[in-house]
Structure formats: structure tokens, C-alpha cells
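Undergrad: Below: one structure in C-alpha cells.
We did not get these values from a lab; they are worked out from the coordinates using the rules stated. Just so we're clear, the structure is a prediction, and the values are computed from it rather than from any experiment. Here the Cβ positions follow ideal geometry from the backbone for every residue, glycine too, while neighbour counts run over all protein chains shown.
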Amino acid sequence: MANHLSIEDVPLNGFHQLLSIRSGGGWLMDGYVLSIIGVAMVQFSAALKLTSFWEGMIAASALIGIFFGGFLGGWLTDRIGRRKPYFLGPTIFLVCSVAQFWAQSGDLLFWMRFLIGIGVGIEYPVAGSLLVEFMPRKYRGPRLAMLTIIWFLGAALAYIVGNIVLGQAGPDGWRWVLASPAVIGAFLLLVRIGTPESPRWLLSKGRRAEAEAIIQRVYGPAFSLRNLPEEQAETKRSLGALLHSGYGKRMLFVSVFWSCSVIPVFAVYSFAPRVLQALHLTGDWESYGSVAITLLFVVGCIIATRIINVLGRRAMVLHSFLGSGLALLALGACSDGAEMVILTLFGAYAVLVGGTQVLQLVYPNEIFPTDIRAFAVGMGASLSRIGAAIGTWAVPIALETIGIGNTMYAAAAVSFVGFVVSLALAPETRSLSLQEAASLSH
């Protein structure tokens, strides 16, 4: 018997939950690999006799790889489908993480982490596309916000695993720490076995019979292509067309807002133990301070997810930038303070920055029309990663040359730039339909 319910409106089923785990694993890996380097940095830097320059390059290498991996993932996803690239990222994680175990020089670590970054970058368009194209409309927003929370859980896991391994494995513990992402890579490969191709992509290629077979497999025999809403064809636009289409200001806002929200976070994560050490936290304070701060990032994202439709997008981004910037400013002023004061201020920053972290996935998808949305979001993500890479590379040099206090002041300045640009350009999209939110007239 035919079912007239749109696939956009079906209730969540076991497949949707499993797909959330399959795709969320990519963000877990992202948070893990970008944070684990900070745990191992102190030990392998001494073992390999690295300069501050090479410390920064190794920490930033994965971010540089993400920039290229994002473009590569988008190109592959459009041409060969979602399913095949879905296994490429985990394979790269597995192989390159194991290769790091035998690293004897800084340049080899740089290239292995660069390749890992490419794997992470591939995950963004591939895993995100599959999740969005299968998920009912009612649950898309919450599941996108959930990915941000999973990122921070991955970071927390990195600090927990890293500190345990370093405490047990001796002077070569850093090798086991850097190889540990291979476990997550293997898990992703296994759990993604059986993932179907996106029926929307198959339909766009004229492969209707395959698309219908997958719809019936996922939703049941009563469903068919008739239950899949027709979509308007998207038109690819170049960078010039985007900037001259009236959306140049919004592209500027997304690029600056996204960059200013991730630069301090990635810099803190890549060198959290070094930063806490410079703030005179030692022993257990240093080891578990990173874990506690990371869990507070999770709390901040959960709070932001709950109040986003109450406070509104514009108010949230402004409050988040201002509050987190003030927390970093206070850290700079209190860099010689007591351990509890420092951890409290870091914790305040972690909670207050949650608003900008959640909006990274919400804002860009709302304020651009369908025909340029993917291009605009991809460009914003890539530019933010370059900014984050530069910021991460600069952290060890800044710690060595201008000190921890001034480094925190610089991070606060980045947040305040985000506040000023958002004050001037951030639109409010709360309670608007997607078409209204993307319109330049409101």
C-alpha cells in the first residue's frame, strides 16, 4: 500500500540514529586529532629537538590539510557520490596515525598530520551531506548542533586518553598518543559498512531505480520516489559571481565570524597543556585542567543549542563574542593568578564561546539561497581553517616572545574583531522561513 508521507516528515528510525553515529564519528575524530597534538607536544618536542617554528607548523599542519581536504571532499562527493568518499577519511586516519608512531623527525610528523587533516576535511562535505540528505527536516538543526558537541567530546577524549598514556608509557609515550587516532579510524571503517548511497545524489544522476531501491530499504516498501520532494536544480557560481550577487557582505560576515570564533579555540586546544603550564598550572592541575575546560566547552554548546531559538542568532553571536573576549582579557590580566582563578576564567571562556561554536553550522546555512549555499558555506569553512592554522602556528612563537599574558590579550582581540563585525553585519533569522532568512530584503 502506497504511503503519501513525505520523506522530509517521517519519524526518526534506527537508520537515522545509526547514520548520526556514522557521521558524528567524523566530528569526534576532528576534535580528537586536533587536540591530541597538544597533549603529546611537550614530550615529542623535546625528543625530536623541535624549534618553536616547527612546533607551530606541526600543530597547524592538520588545519592546513583540512583546507585542501574540504575542497577535495566536495569535488569527490559531487562526482562519485557520497558513499565511496565516506570510507576515504577513516582510511587516511588509520594509515597516517599508525605511521606517526615511527616518526623520527619534525618534517615527517608535519606531512602525516597534513594528510590526516585532508582526511578530516573530506569528512565535512561527505558526512554532512549524507546526514542532511537522509535526516527529516524537523531533526536537521538539532543533529547539526549535535555535531559541534561531539567535536568537543572528541577533544575531551583526546586529553583523557593522552594523559593516561603519557603517564604509563614512559619517554616514548608520545608515539602511542599520536598513533591512538587509528583506533577511531578503524571504528569508523567498521561502523560505516553497509551505508547506502544518497538517493538524492542517485536521482540527480538519473539512476532512479537505484534511488528507489534505497528509499524502500531505509523507509520501508510503502515508500518510493514519490515520497521524495522535488528540488530545484542548483546553479554553480564562481567566487566573483557570489561577491557580485548582493551576498558579498554576508560572505564577509561568515568568513570573519567563523574565523574569529575558531582561531582562539584551535589555538587553545593545540597548546592547552603549554598554555596552562605557562599560566603556572602544574601536576594534576595541568593534566586534568585541559579535560575540565573541554567538558565546559561541551556544556557551553549544549546551553547554546537549547536557547538559540529563545535568544536569537544575532543576540547570541554578539553576547558570545563579547563574553568570551572579556574572559580572555581577564586571563591576560591574571596570568600570574592562583590556579583556581585561572581555571575559572578558562572555564568561563569555554562556556561563553559555545554560542559562536554552534552558530558556525547554523548561520551560514540560513543566510544564503539554495543556488549558492553550498559554495558559500564551503568557502567560509576553508577560510576559517586557514585563519585557525595561522593562529595555531603563532601560539608557540607568541608564548616564547611576548609571553602568556600578551598571548591571551591577542586572542581576546580576535574575539573583539568578531564582535565588531557581527555588530555591523550579523542578520537576525529567528522565526524566519529558510527562504525569508536567505533573502536580502529583511
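Undergrad: Roughly what angle does helix 88-100 make with the longest principal axis of the chain, taking Cα atoms, 0 to 90 degrees, to the nearest 10?
TA: 20
Undergrad: Rounded to the nearest 0.05, what FRET efficiency is calculated for Q216 and D78 with R0 set to 30 Å and r the Cβ-Cβ distance?
TA: Efficiency computed from Cβ-Cβ geometry: 0.75.
Undergrad: As a footprinting exposure proxy, order I37, I390, I149, I116 by other Cβ within 10 Å, with the fewest listed first.
TA: I390, I149, I37, I116
Undergrad: Between T51 and H319, what is 0.36 nm times their sequence separation minus the Cα-Cα distance? Round to one decimal in nm.
TA: Once the chain is fully extended between T51 and H319, it gains 92.7 nm.
Undergrad: Grab the beta carbon distance between D172 and A292, set R0 = 30 Å, and tell me the FRET efficiency rounded to 0.05. Mind dumping the intermediate values first?
TA: Details: r = 27 Å, r/R0 = 0.91.
Computed FRET efficiency for D172 and A292: 0.65.
Undergrad: How many lysine pairs does the chain hold where the Cα atoms are under 28 Å apart and the two sit 8 or more places apart or on different chains? Please report the intermediate quantities before stating the final value.
TA: On the way: K84/K138; K84/K205; K84/K236; K138/K205; K138/K236; K205/K236; K236/K249.
Here the count comes out as 7.
Undergrad: May I pose another question? Once the Cα gyration tensor of the chain is diagonalised, what are the square roots of 5 times its eigenvalues, in whole Å and ordered largest first, as equivalent ellipsoid semi-axes?
TA: Its equivalent ellipsoid spans semi-axes of 37, 26, 19 Å.
Undergrad: Taking the convex hull of the Cα atoms, report for region 104-202 its projected area averaged over all directions, in nm².
TA: On the way: hull surface 32.3 nm².
Mean projected area for region 104-202: 8.1 nm², to one decimal.
Undergrad: Using the 10 angstrom Cβ neighbour count as an exposure proxy, how do W174, W54, W75, W102 rank, fewest first? Walk me through the numbers before you get to the answer.
TA: Values: W174 28, W54 18, W75 13, W102 10.
So the residues, fewest neighbours to most, are W102, W75, W54, W174.
Undergrad: Now, a different point. With each run of n ≥ 4 DSSP H residues scored as -39500 (n - 2.57), what mean residue ellipticity at 222 nm is computed for the chain after dividing by its residue count and rounding to the nearest 500 deg cm²/dmol?
TA: Rounded to the nearest 500, the figure is -26500 deg cm²/dmol.
Undergrad: Going by alpha carbons, how many degrees (0 to 90, nearest 10) lie between the helix axis of 208-219 and the longest principal axis of the chain?
TA: 70
Undergrad: Within 10 Å, count the other beta carbons around each residue, average over each peptide in 305-316, 414-425, and list them highest first.
TA: Sorting 305-316, 414-425 by mean packing, highest first, produces 414-425, 305-316.
Undergrad: Okay, next question. Fewest to most neighbouring Cβ within 10 Å: what's the order for E55, E428, E197? Provide the component values of the computation, followed by the final result.
TA: Working: E55 27, E428 14, E197 19.
In order of increasing Cβ crowding within 10 Å: E428, E197, E55.
Undergrad: Here's another thing I want to ask about it. Would you please classify the overall shape of region 8-195 from the alpha carbon gyration tensor, given that a ≥ b ≥ c denote the square roots of the eigenvalues, rounded means a/c under 1.5, and beyond that prolate means a/b larger than b/c while oblate covers the rest?
TA: prolate
Undergrad: Is the C-alpha gyration tensor of region 1-45 telling us rounded, prolate or oblate? Criteria: a/c under 1.5 is rounded; beyond that, a/b larger than b/c is prolate, otherwise oblate.
TA: prolate
Undergrad: On to the next question. Go through region 344-356 residue by residue and turn each phi into a ³J(HN,Hα) via Karplus (6.51, -1.76, 1.60, θ = phi - 60°); whole Hz please, and just put x for glycine and proline.
TA: Running phi through 6.51 cos²θ - 1.76 cosθ + 1.60 with θ = phi - 60° gives 5, 5, 4, x, 4, 4, 4, 6, 5, 7, x, x, 5 Hz.
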